[in-house]
Amino acid sequence: MLDVRGLDVLYGDVQVVWDLSFTVDAGEIVTLLGANGAGKSTTLKTISGLLRPRRGHILFDGVSLETVPPDRIVGMGVLQVPEGRRLWPGMTVLENLRLGAYPKGARGEEGASLEAVFSLFPVLAERRGQLAGTLSGGEQQMLAIGRALMARPRLLMLDEPSLGLAPKVIERIFEVIQDVSRRGVTVLLVEQNAHLALSVANRAYILETGHLVRAGAGSELLADADVRRAYLGV
Amino acid sequence: MLRRALDGGGVYLVLAGLLALVPLVNSDAYFVHILTLSLMHSALASSWNLICGYTGLFSFGHQAFFGLGAYVSSLMAMKAGLSPWLGLVVGGGVAAAAGFVIALPCLRLRAPPYIAIATLGFAEICRFTAMNLVGLTRGELGLWGIPEMTPVPVPGVGQVSFTGQRVPYFYLMLAIYVAMMALLYWLVRSPLGLALKSVRDSEDAAESLGVDIVRTKILIFVLSSFLAGVVGAFYAHYVLILTPSSVLSVGVMIEIVAMTLIGGLGTFLGPTVGAFGITLLLEYMRVLGDYRLLIYGALLIAIILFIPEGIAKRLLPRRVAL
Amino acid sequence: MSPGLVVEQIFNGLVSGAIYALMASGLSLIWGTLKMLNFAHGEFYMLGGFGVYFALLLGGLPPLVAVPVAMLGAAVVGMLLERLVIHPLLDKPGWDVSPIIATLGASILLQNLALHLWGERFKNIPYYIEGGVNLFGIRMAWQRVLIVAVTVVVIVVVVAALRRSRWGMALRATAQDRDAAVLAGIDVYAVYLWTLGLTAALAALAAAMLAPIYSINPWMGTALLLKAFIVCVLGGLGSLEGAILGGVLLGTTESLTVLLWSSEWKDVVAFVLLILVLWVRPAGLMGTREW
Ligand SMILES: Nc1ncnc2c1ncn2[C@@H]1O[C@H](COP(=O)(O)OP(=O)(O)OP(=O)(O)O)[C@@H](O)[C@H]1O
Ligand SMILES: [Mg+2]
């Protein structure tokens, strides 16, 4: 479904992603792992069209995304839940969700999507009138995921959804990710919490300072001694 | 040797020396007048560049200090018989005092537009006051009969009279400009200048380095106001007529901004390059008549679109433009 | 001084307050979405004045059509300005100062273009509604009543559209977090384009309503622009409610100054008010509120 080939990304003159290639097949959960500054968020931003690659291709269902405007990429069903949630703090929970259904293809199903999101995260239904900026960290992450789901994604990219959350909340978020995946949404998950990510992922890629260093099935990498030492702290 | 001297500010002295020779080559009154105006604009824009370019405070009320210097020096000369030479200092001093007063509330504001509008508000207060105090300033009718600079003895030349002369004014303005640029040159390299840079780049970082931000900013604001006031006083005793709209209107500020940004904000010679460019352009475009300002507007847009970093950096070697 | 005179002056203050609010809400919307000051905003106002003049007197259109035509014309110019001048500067270094020069240039250009095309003679148009009412000894010209009424209606519609419509929500989303808006599939460049169009139309409306009272000339936008900036900052940049509150506050303060002191000093009082408010509330009256 997603086919990234030979991607080079630069900020000004500084290259942070080097010749990166990976694929995500329909229905999979694929995770992209790496330490701080490895270039994970940069990769997601490039897929979403917020950054443009210097070289390489991003194919989504065979369509090249490198020159497609970001709003059209979203319209094609490629949704990102960005690092740090990035909600609209001055809008209510309901407004945030309703704007999630902004892409043309999702507008008609706004009501049904809303119900689906509320059943996944009942707490959002309770707090629908509250300003997003006043939600707790966990609630904000749920809202960010809910907002992306409102757009009826085909590929959902999550950037460190576990960041700064309590274990209980992380557990719930990961349940939802697996649930969403079961409903046929393809998932590309960026994480620093490698253990958790590998336990839910079909396949994984590991980035180090912008270079791809390992790839393999989730369970395989979870068992690998090198990976355990470097990323799992055991 | 030469290289070292040039790097240590010598190149600027050479440039100033070349400028000083110009009237010897061409002493046409109109030409010298345009050069004097260009230098005056250079000085004014450079004084604004000190606040905006080096400290990052977007003041939009610099005309207030220019105008205050002009009016104070003129009125002191006319009503109290103060020598215009002292007027240069007194005008600058009053402008500096006003700068201090307005800096206090303005520096509490962090967002650039708030600072811009608050300082603009202050300048408009000055303009309307000058317009309304008709008994003192004659309002929009214009204050005229401002005394010229009094004769001074110059070693090697003898007594120099300013009456009806262009060239002496040119050299006076050149002297003011060079003195001011020397001060700025030294300032930017001093510990204070380094503190300034850190304030511009990141207030939080500067604070953590122990830079007293508020004191530094007030000091710069006052200094910059003083310089603008001196230039204003010079203008008054050179042009000999003042109206609120010629020295206190937002149009003055717009020219300062245009000159500085087109030359290169935050560069040492940028405001000078911009001031010469725009002053010469506007003067020599007079042949275009009505089209002059039309073209000027279009040119501003074109320059910001195609040379956004300013022309100084394009035209001059990097270490000269700085 | 009769109480009737005071009420009459307060009403006149509301009239200028309405005009200030229309202008300032446009500036505030632009600041909110694009994070820039638009120094050509006064020229949208000027174009609105000429637009209504030509539509009325040359086109022979009734005011009810001429005013929207003028608004549309200004909106097109606003959108052209966005596409040709502002858009190329977006996302480039120097964005904090580059739009200032660009819009100053546009302002000088448009003013002198108007001067060139339409001359410096002041132009006047008749009142849309002649006469006035006399309520308990308080005289109010219908034209002034009309200004306040139209402004209130238009502002209510704009606020409602920003609150409820998909387009308005997209605009607010862009203002609050642009990247998030992009990631939600909002075409922020389209939002910028329409924002310029809308704010230009609001400025043109202000001019069209005021044109029968004052005259139309190439410089009519300059002084008002300064006032509108003050109103924006007074109310808190980016806040629509602040722009409205600030407009009314400034308008009434000015007309009460005229009544109690003198018309020459009303501007000084206005600017002193600005500095005092900023002293007490550095972010303006409603500056911290997100919208
Ligand atoms: N806007 C930017 N300008 C310049 N460099 C940047 C920018 N954003 C990120 N970088 C640099 O690019 C590199 C990769 O950053 P990126 O945010 O992609 O890392 P990451 O893998 O997501 O890290 P983290 O786990 O901390 O989120 C880092 O060295 C970072 O400093
Ligand atoms: Mg990241």
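The values are calculated or read from the model by the stated rules, or taken from the named source; none is laboratory data. Predicted model only: the values in this text are computed from it and were never measured. Neighbour counts run over all protein chains shown; Cβ positions are idealised from the backbone, glycine included. Keep in mind that these areas ignore ligands, DNA and RNA; they rest on the heavy atoms of the full protein, side chains included. Shrake-Rupley method; radii C 1.70, N 1.55, O 1.52, S 1.80 Å.
Data for the structure
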item	result
Residue A:44 being surrounded by 21 or more Cβ atoms within 10 Å (Cβ to Cβ), within 16 Å of ligand 1 (Cβ to nearest atom), within 30 Å of residue A:132 (Cα to Cα) and within 15 Å of the chain's Cα centre (by Cα)	yes
Identity of the residue in segment A:95-117, away from chain C (no Cβ under 11 Å) and assigned to a helix (DSSP H, G or I), that ends up surrounded by the most Cβ atoms within 10 Å (Cβ to Cβ)	A:117
Selection count, segment A:192-217, where residues are small (Gly, Ala, Ser), within 15 Å of ligand 1 (Cβ to nearest atom) and part of a strand (DSSP E or B)	1
Single unsatisfied condition, residue A:156 versus (1) within 21 Å of residue A:30 (Cβ to Cβ); (2) within 16 Å of ligand 2 (Cβ to nearest atom); (3) outside any helix (DSSP H, G or I)	(2)
Residue in segment A:12-30 that is farthest from the other protein chains (Cβ to nearest Cβ), counting only those that are in contact (Cβ under 8 Å) with a residue 40 or more places away in the chain and within 13 Å of ligand 1 (Cβ to nearest atom)	A:18
Residue in segment A:1-27 that is nearest to residue A:231 (Cα to Cα), counting only those that are at pLDDT 95 or above, within 16 Å of the chain's Cα centre (by Cα) and buried (at least 17 other Cβ atoms within 10 Å of the Cβ)	A:22
Selection from segment C:228-262 of residues that are surrounded by 24 or more Cβ atoms within 10 Å (Cβ to Cβ) and out of contact with any helix residue (DSSP H, G or I) (no Cβ under 6 Å at 6 or more places or on another chain)	C:239
Among (1) open to solvent by 30 Å² or more (accessible area, probe 1.4 Å); (2) closer than 27 Å to residue C:156 by Cβ; (3) more than 14 Å from chain A (Cβ to nearest Cβ) - the single one residue C:276 does not satisfy	(2)
Search result, residues across segment C:76-113 that are more than 7 Å from every other protein chain (Cβ to nearest Cβ), within 19 Å of the chain's Cα centre (by Cα) and over 20 Å from residue C:195 (Cα atoms)	C:111
Tally of residues being more than 7 Å from every other protein chain (Cβ to nearest Cβ), open to solvent by 30 Å² or more (accessible area, probe 1.4 Å) and over 19 Å from residue C:240 (Cα atoms) across segment C:166-189	1
Any helices (runs of 4 or more DSSP H) falling wholly within segment B:231-322 and containing at least 2 residues that are of a type in the set (Gly, Ala, Ser) and more than 10 Å from chain C (Cβ to nearest Cβ)	B:244-247, B:270-284
Hits in segment B:37-54 - residues which are of a type in the set (S, T, N, Q) and surrounded by 24 or more Cβ atoms within 10 Å (Cβ to Cβ)	B:42, B:46, B:47, B:49
Residue tally, condition within 13 Å of another protein chain (Cβ to nearest Cβ), in contact (Cβ under 8 Å) with a residue 12 or more places away in the chain and over 22 Å from residue B:250 (Cα atoms), over segment C:247-263	1
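Residue by residue, here is whether (1) open to solvent by less than 40 Å² (accessible area, probe 1.4 Å); (2) out of contact with any Lys or Arg (no Cβ under 7 Å at 6 or more places or on another chain); (3) over 19 Å from residue B:224 (Cβ atoms); (4) in a helix (DSSP H, G or I) holds:
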| residue | (1), (2), (3), (4) |
| --- | --- |
| B:90 | no, yes, no, yes |
| B:114 | yes, yes, no, yes |
| B:128 | yes, yes, yes, yes |
| B:131 | no, yes, yes, yes |
| B:150 | no, yes, yes, no |
| B:168 | yes, yes, yes, yes |
| B:181 | yes, yes, no, yes |
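This table checks each residue for (1) within 16 Å of ligand 2 (Cβ to nearest atom); (2) closer than 21 Å to residue A:203 by Cα.
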| position | (1), (2) |
| --- | --- |
| A:13 | no, no |
| A:51 | yes, no |
| A:61 | no, yes |
| A:66 | no, no |
